[in-house]
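Below you'll find the structure, written out as structure tokens, and then a few comments.
The values are calculated or read from the model by the stated rules, or taken from the named source; none is laboratory data. Since the model is a prediction, treat every value here as computed from it, not as a measurement. Ideal geometry is used to build each Cβ from the backbone, glycine not excepted, and the neighbour counts take in all protein chains shown.
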Amino acid sequence: MKSTPIMLPIVLPTARMLMLVLLFAAAGAEQTPAADEANQPLRVSLWNGRARLGDGKTEQADAWLTVHRPEHANGAAIVICPGGGYGGLVTGGEGHGIAKWLNRHGVTGAVLEYRLPAGRPYVPLLDAQRAIRMVRANAKQWGLAKNRIGIMGFSAGGHLAATAGVHFDYGRFKYSDPIEGVNCRPDFMVLVYPVISMGKLTHGGSRNRLLGKKPSADLVAFFSNEKQVSRRTPPAFLAHAQDDRAVSPDNSKVFHEALLAHGVASKYLSLPSGGHGLNGYQGPMWDAWQKQSLEWLKQQKFIP
């Protein structure tokens, strides 16, 4: 037999009772997830305020990942590296706008706000590697497949994405931080009007901000991604307008050729017009790379 709860009388002034009710209601509103909270962008600190500089050194700084999750996720995720010539971040058209487009196709988009190098060349790469590790480490929680996590970049962000594609490890186990023990190799790359080389084909401003004005030959070679391709480099889709005056389309061409020479799957979409930025992220050339990149990702079985 179910017992009847005993109700004890509560004697409170009416005004005080009302105040308590409102306070408890406010607290509940803060703690109770909204019905669509799972689909709201999630902003993630990559370094918790102590970012790596390399060689065991750190600085009091951070990089951020804003994770846009689709309503119906298909298990694929892409870390998005906005451009900006390594002197800024174009997080609108080359960041959050891209993530929302990917969401419409079931792909999780994670916009990377990487640290700007100011002559510290390894800093953006460390952030990109960390972003891939972070997404892969949270794959189960975010409904992702660990073997379908790629990277995408535009302009100088394309250089960063390609750099992460040629310089990676399968886990840095000497660190106590468990995130560093996660594989940071992207499973695929999508590179749109990217800077690839730090040699004659480069974009001068990007090179100077990344490497400094008098970099060593070894440093130039290390960040000339067409020279760093191996058979382990992930597959890549590239798109570049032939009338791009800021970043020569030969950047995409030489990277594509290097990938094929090493037996790595690659597609290069040479666009007849659009310039750098493809007419301000709109129009037929912009639509073409989006449509064909998705088709290529499906062919490679990275998205269903």
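Given the criteria outside any helix (DSSP H, G or I), modelled with pLDDT of 95 or more and under 13 Å from the mean Cα position of the chain (by Cα), does LEU160 qualify? So LEU160 does not fit the description; no.
The set of residues in the range 49-107 being among the polar types (S, T, N, Q) and under 22 Å from VAL123 (Cβ atoms) consists of THR58, GLN60, THR66, THR91. When the criteria are applied in full, GLY75 meets the requirement of being modelled with pLDDT of 95 or more and farther than 30 Å from LEU210 by Cβ. Residues of the range 105-115 that are crowded, with 19+ Cβ neighbours inside 10 Å, part of a loop (DSSP other than H, G, I, E, B) and of a type outside the set (D, E, K, R): VAL107, TYR114.
Tallying residues that are out of contact with any His (no Cβ under 9 Å at 6 or more places or on another chain), outside any loop (DSSP other than H, G, I, E, B) and under 27 Å from VAL107 (Cβ atoms) within the range 52-67 yields 3. Scanning the range 27-60 for residues that are of a type in the set (A, V, I, L, M, F, W, C), over 23 Å from TRP142 (Cβ atoms), at pLDDT below 90 and surrounded by 10 or more Cβ atoms within 10 Å (Cβ to Cβ) yields a single hit, ALA27. For beta carbons closer than 8 Å, sequence separation of 6+ or different chains, a first residue in the range 57-73 that is under 9 Å from ASN39 (Cα atoms) and a second that is in a strand (DSSP E or B) and among the polar types (S, T, N, Q), the qualifying pairs are HIS68/THR108; ARG69/THR108; PRO70/THR108. Pairing residues of the range 196-210 that are touching a residue at least 60 places away in the same chain (Cβ under 8 Å) with residues that are assigned to a helix (DSSP H, G or I), at Cβ distances under 8 Å and at least 6 apart in sequence or on separate chains, gives HIS203/ALA156; SER206/ALA156; SER206/HIS159; LEU210/PRO124; LEU210/ALA156; LEU210/HIS159.
Residues considered: GLY153, GLY88, GLY143. Of these, the only one that is more than 18 Å from CYS184 (Cβ to Cβ), touching a residue at least 60 places away in the same chain (Cβ under 8 Å) and not charged (D, E, K, R) is GLY143. Selection of the range 74-104 for residues being assigned to a loop (DSSP other than H, G, I, E, B) and surrounded by fewer than 17 Cβ atoms within 10 Å (Cβ to Cβ) yields GLY87, GLY88, ARG104. Within the range 255-266, if we keep just the residues that are touching a Leu at 6+ places or on another chain (Cβ under 7 Å) and not small (Gly, Ala, Ser), the residue that is surrounded by the fewest Cβ atoms within 10 Å (Cβ to Cβ) turns out to be HIS256. For the range 173-192, the set of residues classified as among the β-branched types (Val, Ile, Thr), surrounded by fewer than 24 Cβ atoms within 10 Å (Cβ to Cβ) and not in a loop (DSSP other than H, G, I, E, B) consists of ILE179 only.
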